[in-house]
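Take a look at the structure set out below.
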Amino acid sequence: MDTSKASAHESKYLVSLLAPLDLSEGAEVLVDKGYSSEANEALLRSKGLKSCVQRKRSRGKAGDKSLGEYNSPIGKRRHKVERVLGSIKRWVKTNGERYVGKVKTHSQHVLEALSYNLYRAPELLSLSCGG
């Protein structure tokens, strides 16, 4: 989990997000449209990773059918992650950040994720035990 300044665009952080990961060549990287850029595509190619970055439509133009066909399967896979993030937001009733400063905000995010995992643990354990 990484927390960046609210004023910074997320596309600049793909390098730092990938750095600690030990990804095998050909691994798929699924990220949202915010990471769609030529520089990020080149970075993924140089590392031998498969880009599953959703593509943006051109501003002021209607999206073509091929763009939807490309983005749809990626969106269906990413939905599983986005659903969890939405559940955390709904469960802890956050409509924004409660603290000022990157360190405190990051701590808030970590504690929210930890508490949500503890909340879900009994259900997940019962499912894994066949219950």
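The table below gives the values:
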{"quantity": "Qualifying residues in region 34-47 (those that are charged (D, E, K, R) and assigned to a helix (DSSP H, G or I)) - the one farthest from residue 19 (Cα to Cα)", "calculated": "38"}
{"quantity": "Residues of region 48-107 classified as over 30 Å from residue 25 (Cβ atoms) and in a loop (DSSP other than H, G, I, E, B), total", "calculated": "18"}
{"quantity": "Number of the condition not met by residue 46 [criteria: (1) surrounded by 11 or more Cβ atoms within 10 Å (Cβ to Cβ); (2) within 19 Å of residue 11 (Cα to Cα)]", "calculated": "(1)"}
{"quantity": "Residue in region 2-16 that is among the basic types (Lys, Arg) and within 17 Å of the chain's Cα centre (by Cα) present", "calculated": "yes"}
{"quantity": "Checklist (1) under 17 Å from the mean Cα position of the chain (by Cα); (2) in the same structural domain as residue 119 (by TED's automatic domain parsing) applied to residue 75, failing item", "calculated": "(2)"}
{"quantity": "Hits in region 24-43 - residues which are under 28 Å from residue 111 (Cα atoms) and either of a type in the set (Asp, Glu) or exposed (fewer than 14 other Cβ atoms within 10 Å of the Cβ) (or both)", "calculated": "32"}
{"quantity": "Any pair with Cβ under 6 angstrom, 6 or more apart, that starts in region 50-74 at a residue that is within 18 Å of residue 38 (Cβ to Cβ) and ends at one that is acidic (Asp, Glu) and outside any loop (DSSP other than H, G, I, E, B)", "calculated": "50/28; 51/41; 52/28"}
{"quantity": "Filter pass, residue 51 being in contact with a Gly (Cβ under 6 Å, 6 or more places away or on another chain), over 28 Å from residue 119 (Cα atoms) and surrounded by 13 or more Cβ atoms within 10 Å (Cβ to Cβ)", "calculated": "no"}
{"quantity": "Enumeration of residues in region 15-33 that are part of a helix (DSSP H, G or I), modelled with pLDDT under 85 and in contact with a strand residue (DSSP E or B) (Cβ under 9 Å, 6 or more places away or on another chain)", "calculated": "17, 33"}
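The values are calculated or read from the model by the stated rules, or taken from the named source; none is laboratory data. Just so we're clear, the structure is a prediction, and the values are computed from it rather than from any experiment. Glycine gets a Cβ as well: all are built from the backbone with ideal geometry, and neighbour counts include every protein chain shown.
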